């Protein structure tokens, strides 16, 4: 979606946040790939089961090999999962998530239309985290992220849970970019743009431990 000025960009991110708030109304059960479209049932019973499918020992080794995460940072994966699962026990239900929602996967003028989903059932902050990651690639990253949060109606009390989800999604994206980008150089440039978000999430998780 082409934007000409800062006002338009931030307006779009506010609307994207509102779209995320609408999407999370589609409640589901379980986590992971959708097994039943009629009732939105995921293949895993827990968020940890879904994330464990991503962070296999081989993929964690890949993080180490490319010097993307230390052994100590990899150990925090378990703690991040625990934070999200505690939120689920408090009553946050899993929802249908797009799982790759940035402005590049939308179109429209008066209303945002979403396409190209990687549909799964997961914690509602999965889509928020992914959208915040993609917002880091625009002309006004910090302000775009703030506009998205405002549109979503994000509450400060939920920050620790969002940061736990963010920690996991960033590392997942790093692994994906290494495989799907045009070159390792391009992947590393994308990783650098999200390193500050990772460090913020890491600090939040460490303080919570």
**Request:** Compute the FRET efficiency between residue 99 and residue 6 as 1/(1 + (r/R0)^6), taking r as their Cβ-Cβ distance and R0 = 35 Å, and round to the nearest 0.05.
**Result:** 0.80
**Request:** Using Cα pairs closer than 8 Å and at least 6 residues apart in sequence, work out the relative contact order for the chain, in percent.
**Result:** 26 percent
**For 47, 140, 71, order by how many other beta-carbon atoms lie within 10 Å, fewest first** = 71, 140, 47
**Asked** For the chain, modelled as a GNM with alpha-carbon contacts under 10 angstrom, which of 121, 41, 65 fluctuates the most?
**Response** 65
**Request:** Considering Cα pairs under 8 angstrom that are at least six residues apart, work out the relative contact order of region 135-209 and quote it in whole percent.
**Result:** 36 percent
**Message:** Just to be sure I understand the model, the point goes 7 Å from the Cα along the line to the Cβ. What's the resulting residue 54 to residue 195 distance in nm?
**Reply:** 2.2 nm
**Message:** Looking at the chain as a GNM with Cα springs under 10 Å, which of 155, 18, 193 has the largest mean-square fluctuation?
**Reply:** 155
**Asked** Hey, fewest Cβ within 10 Å first, where do 205, 23 land in order?
**Response** 23, 205
**Prompt:** Which distance in Å, rounded to a whole number, links the C-alpha centroids of region 52-66 and region 147-189?
**Reply:** 17 Å
**Asked** Given springs between every Cα pair under 10 Å in a Gaussian network model of the chain, which of 156, 88, 129 has the largest fluctuation?
**Response** 156
**Asked** Which length gain, in nm to one decimal place, applies between residue 79 and residue 45 when the Cα-Cα distance is subtracted from 0.36 nm times their residue separation?
**Response** 10.4 nm
**Item:** Cα-only Debye scattering, region 1-69: base-10 log of I(q)/I(0) at q = 0.16, 0.20, 0.22, 0.28 Å⁻¹
**Value:** -0.83, -0.84, -0.86, -1.12
**Prompt:** Can you pull the Kirkwood radius for the chain, inverse mean 1/r over Cα pairs, to one decimal in Å?
**Reply:** 17.5 Å
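Coordinate-derived values only; no laboratory data. All values reported here derive from a predicted model rather than from experimental measurement. Cβ coordinates were reconstructed from backbone atoms using ideal geometry, including for glycine residues, and neighbour counts include every protein chain displayed.
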